[in-house]
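First the structure, in the form of structure tokens, and then the observations on it.
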Amino acid sequence: MAGRNSSILILISLYLHSSSFVLGSVSNTELSAFVTGIWNDDTNGASFSDITYNLQSHTSSSSSADLANNRLFHYVNENHLFTKPTYSAFIALLDNFDKNTAHSEHTSSTETAEIDRFITEVMKTSVMSETYRFLHGKGYTTSTTAFRDTLKSIWFTQYSRSGTSHGSNGFEHVFVGETTSTDVSGFHNWIQFYLEEKLGHINYLGYIYSNQPRKLGVHFTWYNKPKPLTTLLVGTSPEFDLAVLTTCFLVRKNTNCHFDMAGNYLTVKSYDVSYVHGDQVATAYFN
């Protein structure tokens, strides 16, 4: 009987590791179809008339010169975009964080409620509904409740980037931006860039590249600290960015996530901090 049980276990193991049953097996073709689908379904995304920006002079990440006399963003239709539930919930989160990674942070009950509201609003959208269906079909989540918990855990769990201070999380790093003693880290969202530039906290220094679909590589300073290069996908909704970055983090973690999106070849890079606190986002961005 023991020998028979061993044989069964071996067969089960071979089955689970066969190409016909690999948890999370997602081809680049499947990724491309999924991302193109939610791109086309991003009804909360900005139209070309909602946003105008002024690239001005080309620069490089090694340059310290200010080659842009004006702001990057010339116009954003705030009345149309920022009153939408996912945008307003997203913007409410932006002032919840201390940008200095050396400072410990505590999430208040009000801030926790704002995080929950943001997740609730994005979960209502067709973009995130399709993301859930895609990831559920691939075995990365078991229910909508589990998916909500995953979003909250991987993006909002506090961890340390500087010594022992718990002053960072994935959302803060990617969508808000952080500072060290010398420079800016993270900061990969166009809405935050626009709002901080409007407040005078950002000095746009010029663009490094401009690719379709409205993917910009920009050089800037934030509170007088340099960010040699950051990538912004301009005009996407908060739920679209969260959906793509979450999916790539789950299915292509710590490696390049390649896909075609409506005829444009894109890559997302993402890394975790599993060596510190478990399966949380260290960074995730369009590259």
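Taking a ≥ b ≥ c as the square roots of the Cα gyration tensor eigenvalues, with a/c under 1.5 meaning rounded and otherwise prolate when a/b beats b/c, else oblate, which class fits region 128-287? Oblate shape, in that a/c is at least 1.5 and b/c is the bigger or equal ratio. Listed by chain and number, the lysines whose alpha-carbon sits under 19 Å from that of Lys225, ignoring those within fewer than 8 places in the same chain, are Lys99, Lys198. In a reduced charge model with +1 at each Lys and Arg Cβ and -1 at each Asp and Glu Cβ, the chain shows a dipole moment near 620 debye about its Cα centre. Just how much of Ile202 is accessible, in Å², when a 1.4 Å probe is used and the result is rounded to the nearest 10? Ignoring ligands and nucleic acids, Ile202 comes out at about 20 Å². Its relative contact order, with pairs defined as Cα atoms under 8 Å and 6+ residues apart, puts region 194-272 at 18 percent. Got a number for carbon plus sulfur as a percent of region 194-255's accessible area, 1.4 Å probe? Exposed carbon and sulfur together represent 48 percent of the surface. Stretched out fully, how many nm does the piece from Tyr223 to Ser57 gain, at 0.36 nm a residue minus the Cα gap? 57.6 nm is the gain from fully extending Tyr223 to Ser57. Each principal axis of the Cα cloud of the chain was evaluated for its coordinate range; sorted largest first, these ranges are 79, 45, 37 Å. Think of region 163-287 as having a plus end and a minus end, set by charges on the Cβ of Lys, Arg, Asp and Glu; of Phe187, Asn224, Met261, Met261 sits farthest toward the positive end of this dipole. For region 56-149, the dipole from Cβ point charges (+1 on Lys and Arg, -1 on Asp and Glu) about the Cα centre works out to 420 debye, to the nearest 20. The listed peptides 248-257, 36-45, ordered by packing as a protection proxy, come out as 248-257, 36-45 (highest mean of other Cβ atoms within 10 Å first).
The values are calculated or read from the model by the stated rules, or taken from the named source; none is laboratory data. Remember, it's a predicted structure, so these values are computed and weren't measured experimentally. Counting neighbours? That spans all protein chains shown, and the Cβs are built from the backbone with ideal geometry, glycine included. Quick note on the areas: whole protein, heavy atoms, side chains included, nothing else; ligands and nucleic acids left out. Shrake-Rupley method; radii C 1.70, N 1.55, O 1.52, S 1.80 Å.
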